[in-house]
Amino acid sequence: TSIDSPSNNHFFNLCSRSTAAIKNGFPCKIRMLGVASYNFLTVATGATLGGIEATPKVWDLAGAWVIVQAAGGVWASLKSEPFPLSSGEDYSDRSFPTLVVSRPELVSVFQPFLEGIKI
């Protein structure tokens with residue numbers, strides 16, 4: 001993950017349903033790649049400082065979650081209890097709104113921009 005501080009020289013990923021986060025003062029350039037897992041993996045590689053996905057499904061998160069954690073990134077649920085999942089449960093009808101950032105101190109930087117996102 002990146003150790004950089006947010007600036008207009010850094011990218012942050014959004015999904016099309018999280019554009020409400022775009023407000024005056026947003027600290028990075030915005031990218032919309034269209035694939036939740038890829039949005040999160042770019043954080044793990046250090047290419048972006050973070051990403052918000054409003055409606056990712058469990059299959060969008062499964063592999064990326066492990067990789068982001070291993071790279072040192074922070075995975076923050078925008079709902080109260082996404083993990084751990086229970087064996088035998090069908091999660092295909094649920095979304096797991098998520099904020100991923102490259103390090104813990106960035107959660108508080110991007111948290112204020114999440115208020116208008118419909119979850």
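Only one of the listed residues (Ala62, Ala20) is open to solvent by less than 50 Å² (accessible area, probe 1.4 Å) and either aliphatic (A, V, I, L, M) or over 23 Å from Lys118 (Cα atoms) (or both). That residue is Ala20. Of the numbered criteria (1) open to solvent by 70 Å² or more (accessible area, probe 1.4 Å); (2) over 20 Å from Phe11 (Cα atoms), the one Glu105 fails is (2). Screening Gly46 with (1) surrounded by 12 or more Cβ atoms within 10 Å (Cβ to Cβ); (2) at pLDDT below 90 gives one miss only, at (2). Kindly indicate whether any position in the range 50-59 is assigned to a loop (DSSP other than H, G, I, E, B) and of a type in the set (Gly, Ala, Ser). The answer is yes; a qualifying residue exists. Return a yes/no flag: does the range 85-100 have any residue that is touching a strand residue (DSSP E or B) at 6+ places or on another chain (Cβ under 9 Å), within 23 Å of Lys29 (Cα to Cα) and either at pLDDT below 90 or among the hydrophobic types (A, V, I, L, M, F, W, C) (or both). Yes, there is a match, as at least one residue in the range 85-100 is touching a strand residue (DSSP E or B) at 6+ places or on another chain (Cβ under 9 Å), within 23 Å of Lys29 (Cα to Cα) and either at pLDDT below 90 or among the hydrophobic types (A, V, I, L, M, F, W, C) (or both).
Any idea how many residues of the range 11-70 are aromatic (Phe, Trp, Tyr) and in contact (Cβ under 8 Å) with a residue 60 or more places away in the chain? The qualifying residues number 3.
Each residue in the range 1-23 was checked for being basic (Lys, Arg) and either within 14 Å of the chain's Cα centre (by Cα) or under 21 Å from Leu41 (Cβ atoms) (or both), and 1 pass.
The values are calculated or read from the model by the stated rules, or taken from the named source; none is laboratory data. As the structure is a prediction and not an experimental result, all values here were calculated from the model. All Cβ positions, glycine included, derive from the backbone under ideal geometry; neighbour counts span all protein chains shown. Note: areas computed on protein heavy atoms with side chains; ligands, DNA, RNA excluded. Shrake-Rupley method; radii C 1.70, N 1.55, O 1.52, S 1.80 Å.
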